[in-house]
Amino acid sequence: MNKKLVVVLKADPQIGTGHLMRVKGLLPYFNDYNLYLCADSLSEELIPQCKEYQDIIVTNKDRLSSAVLSLNPDLVIVDHYFLDEEFESPIYEKAKVVVIDDLENRRHKCHLLIDQSEGRTRYKELVPPDCRLCLGYKYNFIKKDFFEIKKTQNPYSHPRVLVNFGGADPVHGCKLVAKAIINGELYKKYVFTIISGLSNPDYKDIKEILSNNSRITLIRNSDNLPQVFSNMDLAIGACGGMFRERIVAGLPSVNVEIADNQAGTCKGIVEKYNLGECATVTDLNNPKHIKDKLDKLIHNYDAFEKNCRNFIKERGIENIVREIRNL
């Protein structure tokens, strides 16, 4: 009889799809488990992304713990910014608890905690003494396909640029960039592909903005991002989950911090290690700012690409799976 693995998360326009997708990268390594998903919020359009699970339970936050325990799990993986030791404590006594976090701002009751960010120092104060801490890039969630990307030959006379701000795009980045591309006629110098994201409320607006311009490609979602990346030369995007994927793929980018957990990424990583350019959300309103940043990426392309490809070498998912299975 297979063991049971329960994943607990939140995925909706408020929080985005990042939690859902990074756990999704782990699931193929646990095909000897029966998989279940418990959420206090899950957008309907994301259900097709949850085919690995035998059952999905969506309930109120205060009932989540009971829902998890009702499944009699052997292993529970929690990737949820609004849950802490209060939620985890009753489960901790019944199953192995793994927490995925990148905020370092609350206490957890878990056997293993994973944070792929560098420079974390406070977790020892926030978890039980015997909790195993897996911190830093060694434990990144980048799928192996991104490490194996080979760029395709560009058939156009201008550089290809990918635009994406996650699955939900809470700062309306795609919409802002779409307007700037049209208003500044940036499509005359660059070939743009915009992936809006499944939970992006601006999709119809973006489609309307681009309706009279056939040079710009708009995609709602892609199930094969490595392939999309292989057909791009540059990118504009957030400093979230896809930030590390762009780095590994050697895709020089204009990077924008759009959430609290991304604060410090530009100065602490992008600028420090010369991985690309940085911009603010406000900059996205200005076609000249965007053009200047893209031009700088082209001017320094070789250095940026080399630095990106050499920055993260470790295939972190394999390390994460090994640690979980050793519990």
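When restricted to residues that are closer than 22 Å to Cys239 by Cα, crowded, with 17+ Cβ neighbours inside 10 Å and out of contact with any helix residue (DSSP H, G or I) (no Cβ under 6 Å at 6 or more places or on another chain), the stretch 124-136 contains 1.
Do we have any residue at all in the stretch 106-115 that's outside the structural domain of Leu294 (by TED's automatic domain parsing) and surrounded by fewer than 17 Cβ atoms within 10 Å (Cβ to Cβ)? Scanning the stretch 106-115 turns up at least one residue that is outside the structural domain of Leu294 (by TED's automatic domain parsing) and surrounded by fewer than 17 Cβ atoms within 10 Å (Cβ to Cβ).
Restricting attention to the stretch 130-139, does a residue exist that is within 24 Å of Thr17 (Cα to Cα), among the hydrophobic types (A, V, I, L, M, F, W, C), in the same structural domain as Asp260 (by TED's automatic domain parsing) and touching a residue at least 60 places away in the same chain (Cβ under 8 Å)? No; the residues of the stretch 130-139 include none that is within 24 Å of Thr17 (Cα to Cα), among the hydrophobic types (A, V, I, L, M, F, W, C), in the same structural domain as Asp260 (by TED's automatic domain parsing) and touching a residue at least 60 places away in the same chain (Cβ under 8 Å).
Can you pull out every residue in the stretch 100-118 that is in contact with a strand residue (DSSP E or B) (Cβ under 9 Å, 6 or more places away or on another chain), assigned to a loop (DSSP other than H, G, I, E, B) and under 24 Å from Ala259 (Cβ atoms)? Within the stretch 100-118, Asp101, Asp102, Leu103, Glu104, His108, Cys110, Gln116, Ser117, Glu118 meet the criteria. Is there a residue being at pLDDT 95 or above and under 18 Å from Gly18 (Cβ atoms) anywhere in the stretch 208-218? Within the stretch 208-218 (the criterion being at pLDDT 95 or above and under 18 Å from Gly18 (Cβ atoms)), the answer is no, since none of the residues qualifies.
The values are calculated or read from the model by the stated rules, or taken from the named source; none is laboratory data. Since we're looking at a predicted model, the values are computed, not measured. Cβ atoms come from the backbone with ideal geometry, glycine included; neighbour counts cover every protein chain shown.
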